[in-house]
Structures are given as structure tokens and as C-alpha cells.
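Here's the structure we're looking at; comments come further down.
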Amino acid sequence: MTYSPNEYSQYRIERATQTLHEVEKHIDNQFWNTAINRMYYACYYAVSALLVKHGVESSSHSGIRQQFGQLFVKTGKFDKELAKHYADLFEKRQKGDYNDFFDFDQETATRLLPLSQKFVAEIIELLNI
């Protein structure tokens, strides 16, 4: 089955918001690394929704981050400081997922959640949903 860019974009935004709800559960259960991972993916889903809505496709995480930076951050359509949060989450996800004997803490997870929520909300605003 083939989906239109609008259908795909809507699906990705739904995934982003659902994933943010998952984060709250992971924080409640003190799964800090998983919470960081899911925050990254919520932002990733939102960015991919924005890009596909504008006819941009990429098959890698780095490609999506690069396209987002070029088309929305450098052009001033998306706040540069908030965009840094997305890059920071990518690095933290990598560290939490792949570094042995490394765990994030409650302070980090709870500090990053409002930024992740704001990031997704800004993407939704750009999409005019």
C-alpha cells in the first residue's frame, strides 16, 4: 500500500506524540536511558514528518538531521537553540544505548522532557496541524 506525504506525515506526528507519552512512563519507572532514547525518537519522528511533508526523503538518521538543519534551522524557520536539543538527544541516545556501564539520571531525563515536548510542538506548528 502506498501512502501520501500527508498521510505519512500525520502518522509520524502521531508516533511522536505517542512516544512522548511513553517517555513519561519510563521516567515514572526510573528507566532513564530508555526515556532519553524515546525522547530522541519522538523528535526524530517529528522531524521526519516535517521533511516528508516538504518532499524530502532520507534513509538515515544523520541524513534527516542534516536535511532538517539545512532546510529549517539555517533558514530561520526553526529555532536554532531548540534544534540543538535534537542534536544533543542524538548524542545522548548513542551514549545511553551503546556505552557499557553508563546510565543517565533522573535530573537529566526530567530536564530534557519539556524541551522534547516543545520541540515536537514546534514541528506540529510548522506542519499547521
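Key figures
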{"read-out": "Failed condition for Ala42, given (1) at pLDDT 95 or above; (2) small (Gly, Ala, Ser); (3) in a loop (DSSP other than H, G, I, E, B)", "value": "(3)"}
{"read-out": "Segment 68-84, residues that are assigned to a helix (DSSP H, G or I), under 14 Å from the mean Cα position of the chain (by Cα) and surrounded by 18 or more Cβ atoms within 10 Å (Cβ to Cβ)", "value": "Phe68, Ala83"}
{"read-out": "Segment 73-84 residues that are aromatic (Phe, Trp, Tyr), paired with ones that are surrounded by 10 or more Cβ atoms within 10 Å (Cβ to Cβ) (beta carbon under 6 Å, 6 or more apart)", "value": "Phe78/Phe72"}
{"read-out": "Residue within segment 104-111 that is at positive phi and not in a helix (DSSP H, G or I) present", "value": "no"}
{"read-out": "Lone qualifier among Val47, Val52, Val120 - being more than 12 Å from the chain's Cα centre (by Cα), under 16 Å from Arg15 (Cα atoms) and touching a residue at least 40 places away in the same chain (Cβ under 8 Å)", "value": "Val52"}
{"read-out": "Residue check for Leu51: outside any loop (DSSP other than H, G, I, E, B), of a type in the set (A, V, I, L, M, F, W, C), surrounded by 14 or more Cβ atoms within 10 Å (Cβ to Cβ) and out of contact with any Asp or Glu (no Cβ under 8 Å at 6 or more places or on another chain)", "value": "no"}
{"read-out": "Candidates Ile36, Ile27, filtered to the one that is part of a helix (DSSP H, G or I), over 14 Å from Tyr86 (Cβ atoms) and of a type in the set (Val, Ile, Thr)", "value": "Ile27"}
{"read-out": "Residue in segment 103-117 that is farthest from the chain's Cα centre (by Cα), counting only those that are without any contact (Cβ under 8 Å) to a residue 40 or more places away in the chain and over 30 Å from His54 (Cβ atoms)", "value": "Glu107"}
{"read-out": "Test: residue in segment 2-22 that is within 13 Å of the chain's Cα centre (by Cα), over 19 Å from Glu125 (Cα atoms), modelled with pLDDT of 95 or more and among the aliphatic types (A, V, I, L, M)", "value": "no"}
{"read-out": "Residue match in segment 85-93 (condition: free of Cβ contacts under 8 Å to residues at least 12 places away in the same chain, assigned to a loop (DSSP other than H, G, I, E, B) and not hydrophobic (A, V, I, L, M, F, W, C))", "value": "no"}
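The values are calculated or read from the model by the stated rules, or taken from the named source; none is laboratory data. A quick note: this is a predicted structure, and the numbers were derived from the prediction, not measured. Cβ atoms come from the backbone with ideal geometry, glycine included; neighbour counts cover every protein chain shown.
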